[in-house]
Amino acid sequence: MTDEDDTRQSARLPLTERAKRGLLPKESELWLFEIMELEFPTAIITQQKKQLDYTEWENAIDAAIRFGILEGPYRQQVQESETYHFPDTSKWANFHPMPQTIHVMGYSDWRLPRESYRAWRTTQANPPAGSIIHLWLGATLTPPKSEPIHRQTTELSASGSRHPAEMRQCVTDKAQFLENATWQGTQQATVNNHPEASRFKARYDTPTLLRWVSEIDPRPKDKRGGRPHKK
């Protein structure tokens with residue numbers, strides 16, 4: 001049996017079984033739901049999966065795919081319903097061997113390449129706590145807590161260059177900010193009343209956020225200073 005055949009056969013096992021056998025480093029792609037299970041290994045029930053950190057991370061991946069920031073080749077595939085059989089590896093197996101069977105319902109999901117996901121993940125300032133994604137990626141580097149991206153960008157601009165990863169993250173953040181922004185009469189009020197104001201204010205300075213908001217400001221440019229004029 002070739003290595004390719006062995007990898008294909010091992011991929012049919014459940015994620016936990018492949019992890020126990022040390023097979024994940026051989027897989028160049030994983031389903032998005034498998035990546036999320038490795039990033040959030042304690043989120044094992046539906047209610048836990050609705051927690052804010054889980055949802056934000058999944059949304060960030062989705063945005064990175066939609067805007068082409070998480071580089072391919074990735075593809076969306078439909079997985080048919082399948083039944084997996086594998087031997088009982090528990091300590092009682094020698095006494096009462098009971099082959100285990102798991103039935104997986106069909107689904108449609110993204111297949112993401114390891115190296116592309118690894119590269120994208122290093123651009124994220126707050127990777128999931130408790131993640132065991134290293135079982136697939138190998139040793140992962142956690143980005144150090146640093147100054148907000150806008151300050152780094154300003155310093156790099158002065159020298160005439162910008163880090164591509166920082167620029168891609170800025171584009172993603174701006175798109176997410178404007179997607180959820182609602183005009184509140186002034187640019188400052190729109191920033192302050194944004195559903196995720198605290199997160200964006202921690203990452204970018206006020207002038208940057210005001211420039212973003214200016215793109216949805218319905219007022220004529222010569223009327224945008226200060227509060228709306230009273231009639």
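The values are calculated or read from the model by the stated rules, or taken from the named source; none is laboratory data. All values reported here derive from a predicted model rather than from experimental measurement. Cβ sites come from the backbone with ideal geometry, for glycine too, and all protein chains shown count toward neighbours.
Tell me which residues, restricted to region 1-15, are part of a helix (DSSP H, G or I) and modelled with pLDDT under 90.
Within region 1-15, 3, 4, 5, 6, 7, 8, 9, 10 meet the criteria.
Taking interchain pairs and intrachain pairs at least six residues apart, which have beta carbon atoms under 8 angstrom, with the first residue in region 186-214 and closer than 18 Å to residue 169 by Cα and the second among the hydroxyl-bearing types (Ser, Thr, Tyr)?
Partner pairs satisfying both residue conditions: 213/190.
Out of 67, 33, 40, 95, I need the residue that is at pLDDT 85 or above and over 23 Å from residue 135 (Cα atoms). Which one?
67
When you scan region 185-205, how many residues do you find that are over 23 Å from residue 220 (Cβ atoms), among the hydroxyl-bearing types (Ser, Thr, Tyr) and in a helix (DSSP H, G or I)?
Going through region 185-205 one residue at a time, the tally reaches 1.
Somewhere in region 71-88, is a residue at pLDDT 90 or above and in a loop (DSSP other than H, G, I, E, B)?
no
Can residue 208 be described as assigned to a loop (DSSP other than H, G, I, E, B), farther than 30 Å from residue 35 by Cα and modelled with pLDDT of 80 or more?
So residue 208 does not fit the description; no.
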